[in-house]
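What follows is calculated from the coordinates using simple rules that are stated; it is not laboratory data. Small disclaimer: the values here were computed from a predicted structure and weren't measured. Glycine also receives a Cβ, built like all others from the backbone with ideal geometry; neighbour counts cover every protein chain displayed.
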Amino acid sequence: MLRLVRLLALLLALLLGGTWAYAWVTRAPGESLGEAFAGRLALLFGGQQAGSALGGMQLPQGMVLGGPFSLVDQTGKAVTEQNFAGQWMLLYFGYTYCPDVCPTELGTIAAAVDALGPLAEKVVPVLITIDPQRDTPAQLAEYVSRFHPRMQGLTGSQEQVADAARRYRVYYARVNRAEAAEYLMDHSSFVYLVGPDGRVRALFRPEAGPDDIAAATRAQLMRAAAPAS
Ligand code: NI
């Protein structure tokens, strides 16, 4: 019996090690290793499949994303994760000068929130900029209001933003363009569903649609509201 347990432990170690190596090799340009690993693990354990009752990609057991942050909101007020305690967030890291992906994703998040109907009031759509140099509170205020009246835009010092991004394993880097005065930011593009305790409950790939995100969010809200059995 003990030999069987040892064998199974060895197999699991090989599987996880193999997945890590696979994530290392197959990660997309700009995808951090942590994200790649989470993504491959989710695939391995079926987190992305229809079999996952809750929808979205579930984090593997033991992996924690999210947590404390210290930032500045679009009114210039200092905020932390405590300002969002008890609320759910649909969170995205991006920047207002983004030419394509960010506007699409923020539109998707806004549509997902609206698709929640009465549950929408429990969910705050949030953009955390990864370009604090240009994304001042005023710049963010104007930008997020284009997508959803309740969308929050958070910025901060370079260090504050880097710390928040690290907790969500967000990759970002400045890309200078010789032919243009304005730089671009290369960045990962997951949408995070964050629970009332500030921890990530599910993440969504950039191609996830509003209905997918809304369905997964609704499922998580219902599960959290159900009495413990
Ligand atoms: Ni972008």
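What's the FRET efficiency of Glu207 with Lys77 using the Cβ-Cβ distance as r and R₀ = 25 Å, to the nearest 0.05? The partial results should precede the final answer.
Working: r = 34 Å, r/R0 = 1.37.
The computed FRET efficiency comes out at 0.15.
Could you pull out the trypsin sites (Lys or Arg not before Pro) across the range 120-223 that fall in loop regions by DSSP (anything but H, G, I, E, B) with no more than 16 other Cβ atoms inside 10 Å?
Values: sites: Lys122, Arg134, Arg146, Arg150, Arg166, Arg167, Arg169, Arg174, Arg177, Arg199, Arg201, Arg218, Arg223; in loops: Arg134, Arg146, Arg150, Arg169, Arg177.
Sites meeting the loop and neighbour criteria: Arg134, Arg146, Arg150, Arg177.
What separates the Cα centres of the range 181-229 and the range 109-133 is a distance of 9 Å.
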